[in-house]
Amino acid sequence: MRAAARRWFGAEPAVHLALAPDGGAVSWQSEREPGLFVWRPGEGVRRLPLGRVPVVDHAWWPAGGAVLAVLGGHRPRVVVHDEATGRTVDVTPEGAGDVHVVDRDQPRLGSLLLAGGGADGRRVWHLLSALTGPARRVPGPGGMSRLFSDPDDRPRAATARDADGTLVVYAADARSGADRAEGGDAGGWREVWRSRPPGALVTHPIDVTADGHGLYLSAPCRGGFLGVRLLDLREGTVRTVLDDGEHDLDVVLHPVTRVPQLALVSGARQSHRAPDPELAADLAALTARHPGELQLAGLTRDNATWLVRLDDGRTPPRHLLWDRRTGAAHHVPADRREHGPARLAATAGRLLQATLRRPDARPHLTPTATVTIPARDGLPLDGYLVTPSRAVAPPYPTVLLVHGGPWSRDTWGLSPEAQWLAECGYASLRVNFRGSEGYGTRFLDLGRADWGGGMHDDLEDALRWAVAEGHTDPARVAVMGQSYGGYAALMAATARPKAFALAVAVCAPTDLVAFLRHVKESAHHERAHFLDRVGDPDRDADRLRERSPLAHAARCHTPVLLAHGRDDPLVPWTHATTMAAALAEHGHPHHCLVLSGEGHGITRPANRIRLARVVSRQLAFHLAERRT
């Protein structure tokens, strides 16, 4: 189990892959080694000479030949490395902390947009238009959360959210954005449209049109399913561009024409539709040779080269550098777990050729089965079942994995947790319970003000289905999750009937009144979501207290493992320690682990491995087959 934990939760060899503007190279950061790595077909992998400091974000310079990198460490910096000259120039924006590149996977003409936190906590925007800097601050309306430019890099639209979640859209006038001198706040911008909750909470801007006169929105359409709508920035009118009334749709725009060229269709499995017959034929040819779910990770300005991620469910996901003109698709060697970037630099070419000759050389995963689970009220729920990789017969010891959010969802693609559990001899079941996203606003709204209620009924119904189908041994089941998933695990251990032998709760809110009071006083970007979909800590205090695991700690009937990040900004770590103290007061078995340097989620490789090993010991003890 120790080896399995390191394999699935250890440092990743490559994260944040990016495509060069000419389509001839792919770059990435690594959790294993500090630095930035670049691969070109036929040339192997090399590390850029940026020193031994961690790279926390990066992007290619639009004109090519240079890379912008955000360096971490004691004093974060932003630098541009010119590959032609070998020079590295510091272009750190003044007055912006925690800088990141905005929409780095979208091709730009000759500038990069940077965002960072200002001294007052608001987001600060800078436009870098020259390799040597300086980055110029872009003024915007108060509380601006997104900024959108046309294909010529001219700021055209901005969005902000009011405290109640209302989405406000602004249009730039002729002297706004990069054309104006720095100074002022809302001057140069005019409000053109606003959308109020609840619809605003699921409405998100996508990008502006090529002429800069429209803004595409992901928004509710027919039947409450998400589609694509177009807001006229001059008139403030909105019309539907793309929807089907049966599925949530996302969209990929052409990088220059800004016309929708690929629709991503949600469901138990993601699929895609290409309105352009030529692109549809190209995609059909690609997926015929490389089957699997396709995700676009980057594309060139001429739309001729794409960086795509493919997950076929049988082998680890991989990235392909796809030339649409020739149909050639090169495997990007960044994905190989068995080799770090330093080794790849020397052996990438040989490994690539060997993989192309032997397509079955990659390690195989345990297949993920898509299942449909009937809830007690007849509502069909999508689920994903992964059974142990060992040759053992069902029923299996099982872990019910509960996703966070809860306005998130599980997908069919690779789940490290599920694969790790399978390797260790456990089945796992994930279910998109009511309140999950991806199934339209009506399904999402079934979870409003329902934490610990019907949403939890769905989890218990999923377990009941797994037992009835012969997959799960009902005496050896654990429930595990992070954030809302951790909350659900604690409710299962306290307020709900005993159904599990172990509950694992990571970064979980244990007192909903205290949690929502903290959220209400914060500037968290999902503040309005929580207050609308969970409840107000003053108005709904009685219901929230009744739905809090802490209120039921005295009658806890299941061993509990609590884990929390000490620097969690959303759910303070005292939720875990307070729950642990309450369990200890009543003599209930529990273990509490507070991890330093972690926020809302356990992200550091060493801590991921440590937590996995603690969980594995708990699972081995509580889910062991006890013969009588």
Under a 1.4 angstrom probe, counting protein chains only, how are Glu43, Glu12 ranked by accessible area, largest first?
-> Glu43, Glu12
Rounded to the nearest 5, what % of the DSSP beta bridges within the chain are antiparallel ones?
-> 80 percent
Those trypsin sites (Lys or Arg not before Pro) in the range 454-514 that DSSP places in a loop and that have at most 12 other beta carbons within 10 Å = Lys498
Take the alpha-carbon centre of the range 61-100, take the same for the range 2-39, and report the distance between them in whole Å.
-> 19 Å
Computed on alpha carbon atoms, what radius of gyration and Dmax characterise the range 17-107, expressed in Å?
-> 12.5, 42
How big is the C-alpha Rg of the range 514-628 next to the rule-of-thumb value 2.2 N^0.38 Å, as a ratio?
-> 1.23
Evaluate the relative contact order of the range 92-156 (contact order divided by residue number), counting alpha-carbon pairs under 8 angstrom at least 6 apart; express in whole percent.
-> 27 percent
State, as an integer percentage, the relative contact order of the chain based on alpha-carbon contacts under 8 Å between residues 6 or more apart.
-> 9 percent
Convex hull over the Cα atoms of the chain, averaged projected area in nm²?
-> 28.0 nm²
Cα centroid separation - the range 557-628 against the range 484-533, whole Å | 15 Å
In the range 548-628, which GluC sites (Glu not before Pro) fall in coil by DSSP and have 11 or fewer other Cβ atoms within 10 Å?
-> Glu625
Once you have a ≥ b ≥ c as the square roots of the Cα gyration tensor eigenvalues for the range 279-340, tell me rounded if a/c is under 1.5, and otherwise prolate or oblate according to whether a/b is larger than b/c.
-> oblate
Compute the Rg to Rh ratio over the range 89-155 from the alpha carbon atoms, using the Kirkwood formula for Rh, and round to two decimal places.
-> 0.93
In deg cm²/dmol, rounded to the nearest 500, the helical mean residue ellipticity at 222 nm of the chain, built from -39500 (n - 2.57) for every DSSP H run of length 4 or more, is -6000 deg cm²/dmol
Global size of the range 531-592 as Cα Rg and Dmax, reported in angstrom = 13.0, 36
What residues have an amide H closer than 5 Å to that of Leu570, excluding those fewer than 5 places away on the same chain, when H is modeled at 1.01 Å from N in the peptide plane?
-> His600
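The values are calculated or read from the model by the stated rules, or taken from the named source; none is laboratory data. Computed from a prediction, not measured in an experiment: that's the story for all the values here. Every residue, glycine among them, receives a Cβ derived from its backbone with ideal geometry; neighbour counts consider all protein chains shown. The accessibility values were calculated without ligands, DNA or RNA, using every heavy atom of the protein model including side chains. Shrake-Rupley method; radii C 1.70, N 1.55, O 1.52, S 1.80 Å.
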